[in-house]
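Every read-out reported here was derived from the displayed coordinates using simple, explicitly stated rules and does not represent laboratory data. Please read these numbers as outputs of a predicted model, since none were measured by experiment. So basically every Cβ, Gly included, is an ideal-geometry build from the backbone, and we count neighbours across all protein chains shown.
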Amino acid sequence: MSLDSDVQTRITVALPPLDERARERAAEQDWDLTRLDPQDPDERSVLIRLAHPDLDDAIDKGHDELIVDATPMNPRLHLAIHEVVGAQIIDNHPPLKEHRNAHWGNRPWPAAAKDEASYLKHVADMARIFAGCEGAGDAWYPNRKHGPLGGMDR
């Protein structure tokens with residue numbers, strides 16, 4: 001399947017990368033990563049779960065909460081946030097320009113977002129912050145307090 005560069009960029013930004021452990025898990029579960037379509041919501045869900053083997057294990061074991069970096073995290077909520085934001089970014093709904101205008105109006109781009117591509121990465125990174133992903137937002141907010149909401153959660 002050949003995708004235009006805009007769609008490929010949105011997929012790359014929206015989905016967490018699959019590290020070696022995730023690739024091994026995919027093989028153990030008989031998933032052919034070359035056949036999973038990130039534009040299909042069900043297959044995108046599989047890719048997101050594969051990218052989070054610890055959370056997937058926790059869900060399989062019936063855990064409703066994990067402690068990550070001394071912060072409680074709901075693994076189902078974390079994956080759900082990835083799915084919702086991933087769908088919005090990949091499906092371009094709302095379109096990036098509308099999203100940017102809704103948040104920034106006629107003001108200039110945020111300092112770190114020089115163009116639409118970097119703004120798209122900013123949106124995805126914000127989702128990772130709210131989902132509690134380790135290290136998320138550090139490039140955008142290097143002085144923020146640590147925690148899933150950058151100190152805004154308490």
* Residue in the stretch 32-53 that is closer than 23 Å to LEU77 by Cβ and of a type in the set (Val, Ile, Thr) present -> yes
* Given (1) surrounded by 13 or more Cβ atoms within 10 Å (Cβ to Cβ); (2) more than 26 Å from VAL7 (Cα to Cα); (3) touching a Leu at 6+ places or on another chain (Cβ under 9 Å), index of the condition ILE48 fails -> (2)
* Just checking, how many residues over the stretch 51-81 are under 17 Å from ALA14 (Cα atoms) and either part of a helix (DSSP H, G or I) or of a type in the set (Gly, Ala, Ser) (or both)? -> 6
* Hits in the stretch 29-50 - residues which are in contact with a helix residue (DSSP H, G or I) (Cβ under 8 Å, 6 or more places away or on another chain) and outside any loop (DSSP other than H, G, I, E, B) -> PRO41, ARG44, SER45, ILE48, ARG49, LEU50
